[in-house]
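These notes concern the structure reproduced below.
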Amino acid sequence: MKDIKISSPLEGELIPLNEVNDPVFAGGAMGRGAAVKNPKGKVFAPFDGEITVFFPTGHAIGLKSTDGIELLIHVGMDTVKLNGQCFNPKKEAGDKIKRGELLLEFDPAGIIKAGYETTTPVVVTNHADFGDITFELGSKTVVAKAPSADANAGPVAKDADDAQYDGLPDEERVAKLIMKYVGGPDNVRTAEHCATRLRLIVNDKSKIQEKKVENIDGVKGQFFAAQQYQIICGTGFVDKVTEEFIKLKPSLAGGGGKEAAYEQMSLVQKISRTLGDVFVPIIPVLVATGLFMGLRGAMLSLGSNWDPNFLLMTQVLTDTAFAFLPALVCWSTMNKFGGTAVIGIVLGLMLVFPALPNAYVVGGFANDLKEMGMTWQEAAAIPEYAGKVPIPLDILGFTIPLVGYQGSVLPALVLGIFAAKLQHWLKTFIPDMIDLIVTPFLTLTISMILGFLVVGPIMHGLEQVVFGAVQTFLGIQFIGGLVIGGLQQVIVIFGVHHVFSALEIYLLSTTGADPFNAIITCATIAQGGAAMAVAFKTADPKKRALYVSSAVPAFLGITEPAIFGINLRFMKPFIYGCCGGAVGGAISSFFGLAGTGMGITVLPGMLLYMNGQIGLYIMVNLIACAIGFGLTYMLFKPEE
């Protein structure tokens with residue numbers, strides 16, 4: 001076998017592979033090679049050839065030279081968890097490459113700030129085809145010696161029944177043998193993969209036959225880490241093995257990445273993520289009704305005369321979702337927490353039963369009762385006050401006020417969580433033959449009683465206090481918009497912005513308008529303006545094109561490409577974008593700008609302001625964008 005030499009694809013400090021802080025690479029399971037410590041942030045092609053694999057997250061690249069060297073470059077340790085943040089690929093899988101071409105740019109400081117190591121292993125995955133492998137970086141070399149003949153002596157004995165898999169394609173054979181030796185489908189809880197490894201979470205570790213897994217032809221190693229059983233299959237091949245593995249247990253589709261990511265979140269992020277999972281599914285219908293409200297308002301403001309019956313039909317279209325909002329929230333909550341969706345729908349409808357007086361109407365009439373010196377029990381006996389006071393319910397000598405929760409969010413949310421947990425608990429002991437009847441009956445009955453007597457009153461009161469306080473702050477001319485517009489994109493970075501979905505739904509259901517939407521629109525377009533200024537000041541045409549493509553989505557309401565791809569990398573553009581958002585938000589709150597719906601911003605969001613506010617909406621957007629763009633263009637220097 002011939003010896004080979006490879007130039008390091010990264011600048012930095014060349015070190016032996018066994019010094020890497022990762023047992024897989026350090027132990028040579030992925031192949032022989034070296035590593036680059038404190039890399040400079042760019043990956044270049046070390047030879048002529050092609051890119052065989054470029055992982056979607058950008059952190060790992062597989063190359064093959066024209067003379068058959070297969071090389072894996074894995075930037076950092078566990079950087080797959082960054083999900084593409086800090087990585088800027090310049091090529092893609094299948095591209096032909098020339099030595100010295102730029103393949104990838106990454107942000108070492110950003111990786112370190114996120115809590116990950118930047119040391120980059122560079123290994124020859126088909127190392128068995130070669131003798132000594134020498135890596136060169138400047139005047140320093142690292143030699144990965146070929147193993148002695150004794151090191152690979154002796155074939156590994158197979159189980160007798162393993163022969164049944166010999167004729168299968170490699171990925172199918174490996175997947176079936178792995179499933180066999182990890183204890184079968186019943187022992188596998190989740191399955192996902194990164195650039196090189198199949199990652200499993202199992203129910204019982206003792207059932208795994210680790211040596212037999214490691215001896216599968218096509219498996220390069222195995223180990224436990226971060227509560228996962230990780231099986232090394234190599235770049236490209238791991239994708240195929242995972243696909244075949246999931247076919248053996250289709251319920252694994254989707255992996256466990258979402259749950260794993262959830263476990264790593266802070267408490268605030270978990271709450272935000274849960275609220276997002278609940279409210280995001282119902283946002284489309286609120287967007288649709290909001291758009292139609294805006295169009296109807298625009299047509300009526302232009303002097304259009306509508307037949308009263310036709311106007312009623314349009315109100316059915318726009319008002320139904322909000323009239324039965326608790327049903328939507330309960331349905332989505334039951335889905336999120338694993339309960340039966342139809343039970344959630346019925347439970348939510350109970351909260352808004354037409355015979356029950358609206359809790360907001362009752363709350364507003366309570367002041368009138370105080371002025372009249374009358375209790376609600378006395379008013380309940382007067383027919384003309386029907387629908388304005390609670391319905392008295394006498395239980396064990398106590399009179400309990402019953403109201404409906406039309407337009408409320410928190411009572412339906414908490415009740416949906418309780419019902420889902422109650423249903424799961426009931427199923428643990430109710431026999432299967434009566435489960436279909438008894439479990440829904442008990443779930444609905446207990447949840448309804450708890451909802452009207454405990455959860456509803458408490459959560460409705462909390463909702464009025466918390467959301468009412470935020471609503472009051474939003475209403476403070478200039479100040480509310482200044483603070484929220486300046487900080488909203490900071491909140492997006494920390495991934496807790498979904499918590500505001502509940503607030504926006506509350507605002508729309510109680511007031512019919514959403515001032516929060518107008519303010520965050522300014523914050524969004526200001527970041528787009530700042531990113532566009534960076535693009536205009538960049539001399540490199542390739543970088544400029546990349547920056548423009550990252551900035552454009554911000555004008556459609558999606559800021560993540562602009563924030564993580566440009567503004568946060570250079571920091572100053574992000575700060576200037578926040579300044580633009582603050583000024584735009586302040587002007588928006590000063591004029592009382594508010595949308596008729598939620599969920600869309602910037603250019604698509606124009607449809608929410610067709611009720612006579614479109615001119616003001618365009619003005620504040622232009623101001624926010626101009627400030628973000630102008631400050632960045634004047635004060636940001638690309639060489640920084």
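Overview of results
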item	result
Inter-residue pairs, beta-carbon under 7 Å, first closer than 14 Å to ILE391 by Cβ and modelled with pLDDT under 80 and in region 354-365, second open to solvent by less than 30 Å² (accessible area, probe 1.4 Å) and among the hydroxyl-bearing types (Ser, Thr, Tyr), 6+ apart	ALA359/TYR405; ALA359/SER408
Some residue of region 145-157 being under 27 Å from ARG32 (Cα atoms), buried (at least 16 other Cβ atoms within 10 Å of the Cβ) and modelled with pLDDT of 90 or more	no
Set LEU507, LEU608, LEU568: member being outside any loop (DSSP other than H, G, I, E, B) and open to solvent by 30 Å² or more (accessible area, probe 1.4 Å)	LEU568
Any hit, region 34-42, residues being crowded, with 21+ Cβ neighbours inside 10 Å and small (Gly, Ala, Ser)	yes
Near pairs, Cβ below 7 angstrom, 6+ apart or cross-chain, from region 432-451 (modelled with pLDDT of 90 or more) to any residue that is in a helix (DSSP H, G or I) and open to solvent by 40 Å² or more (accessible area, probe 1.4 Å)	THR439/LYS427; LEU444/VAL346; SER447/PHE418; MET448/MET350; LEU450/PHE418
Candidates ILE51, ILE6, filtered to the one that is open to solvent by less than 10 Å² (accessible area, probe 1.4 Å), more than 17 Å from GLY234 (Cβ to Cβ) and either modelled with pLDDT of 90 or more or among the hydroxyl-bearing types (Ser, Thr, Tyr) (or both)	ILE6
Sole residue being crowded, with 21+ Cβ neighbours inside 10 Å and touching a Leu at 6+ places or on another chain (Cβ under 8 Å), chosen from HIS59, HIS127	HIS59
Residue check, LEU402 in contact with a Leu (Cβ under 6 Å, 6 or more places away or on another chain) and open to solvent by 40 Å² or more (accessible area, probe 1.4 Å)	no
Test: residue in region 362-371 that is surrounded by fewer than 16 Cβ atoms within 10 Å (Cβ to Cβ), out of contact with any Ser or Thr (no Cβ under 6 Å at 6 or more places or on another chain) and closer than 30 Å to LEU275 by Cα	yes
Residue ranges of helices (runs of 4 or more DSSP H) in region 293-353 with at least 1 members modelled with pLDDT of 90 or more and within 25 Å of the chain's Cα centre (by Cα)	325-336, 341-351
Residue satisfying all of: in region 62-94; among the aliphatic types (A, V, I, L, M) and under 25 Å from the mean Cα position of the chain (by Cα); surrounded by the most Cβ atoms within 10 Å (Cβ to Cβ) among these	VAL75
Any chance GLN423 is open to solvent by less than 70 Å² (accessible area, probe 1.4 Å) and either in contact with a strand residue (DSSP E or B) (Cβ under 9 Å, 6 or more places away or on another chain) or not in a helix (DSSP H, G or I) (or both)	no
Test set (1) outside any loop (DSSP other than H, G, I, E, B); (2) surrounded by 18 or more Cβ atoms within 10 Å (Cβ to Cβ) - TYR116 fails condition number	(1)
Helices (runs of 4 or more DSSP H) lying entirely in region 430-503 (those with 3 or more residues that are open to solvent by 70 Å² or more (accessible area, probe 1.4 Å))	432-450, 456-474
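The values are calculated or read from the model by the stated rules, or taken from the named source; none is laboratory data. None of these values were measured; they are calculated from a predicted model. Here Cβ is always computed from backbone atoms with ideal geometry, including for glycine, and neighbour counts include all displayed protein chains. Heavy atoms of the whole protein, side chains included, go into the accessibility calculation; ligands, DNA and RNA do not. Shrake-Rupley method; radii C 1.70, N 1.55, O 1.52, S 1.80 Å.
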